[in-house]
């Protein structure tokens, strides 16, 4: 009888733990890395490529499942090292579609990286339930980690350096 009670406790408590762990997901939101100045659709600068590589290294021990970036070259190139590391494709979203993207991320409940711009990242983080903040044209390297545990949100601001 004690053995059955033990097995029942494991199934009840273990099942709840598994259900709860399935309900945990994290969204990482970052602005694209440094770009080459004065171009219509600029590529990343050398410093920006180093920062993009370091972003992938920051995420290397996560269980990243999907990556989004705007269509712009600088955003795509920022997401590229993480996409290669995790063997994922980059889904493109419209820079003006933050609300739709936030709804999709919250309903999909998957570990995700989103790369945007100084004028889109703050809005997306706020739509996901994070704190309000501003990014200027000079702000690079901030990564906003939004972890969802059921309906509870933990929001953390991380920084990715641009050197090896």
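Values in this text are rule-based calculations from the coordinates and carry no lab data. Quick caveat: nothing in here was measured; it's all calculated off a predicted structure. Here the Cβ is made from the backbone with ideal geometry for all residues, glycine too, and neighbour counts use every protein chain on show.
What angle, in degrees between 0 and 90 and rounded to the nearest 10, separates the Cα long axis of helix 2-22 from the longest principal axis of the Cα atoms of the chain?
20
Using just the helices of the chain, give the 222 nm mean residue ellipticity in deg cm²/dmol: DSSP H runs with n ≥ 4 each add -39,500 (n - 2.57), and the total is spread over all residues, rounded to 500. Before the final figure, lay out each step's value.
Working: 5 runs with 67 residues, N = 164.
Taken over the chain, the calculation gives -13000 deg cm²/dmol.
For the residue pair residue 39 and residue 91, what label-to-label distance in nm results when each label sits 7 Å from Cα along the Cα-to-beta-carbon direction?
My value for the distance between the label points is 2.8 nm.
Based on the mean of other beta carbon atoms within 10 Å per residue, what is the order of 29-37, 144-152, 45-53, most packed first? Write down the numbers at each step before the final one.
Details: 29-37: 21.6, 144-152: 15.0, 45-53: 18.3.
Listed from highest to lowest mean packing, they are 29-37, 45-53, 144-152.
Suppose we keep just the DSSP beta bridges with both residues in the chain; what percent of those would be antiparallel, to 5?
Numbers: 16 of 28 bridges.
Of the beta bridges lying entirely in the chain, close to 55 percent run antiparallel.
May I ask for the distance between the Cα centers of segment 103-164 and segment 45-59, given as a whole number of Å?
17
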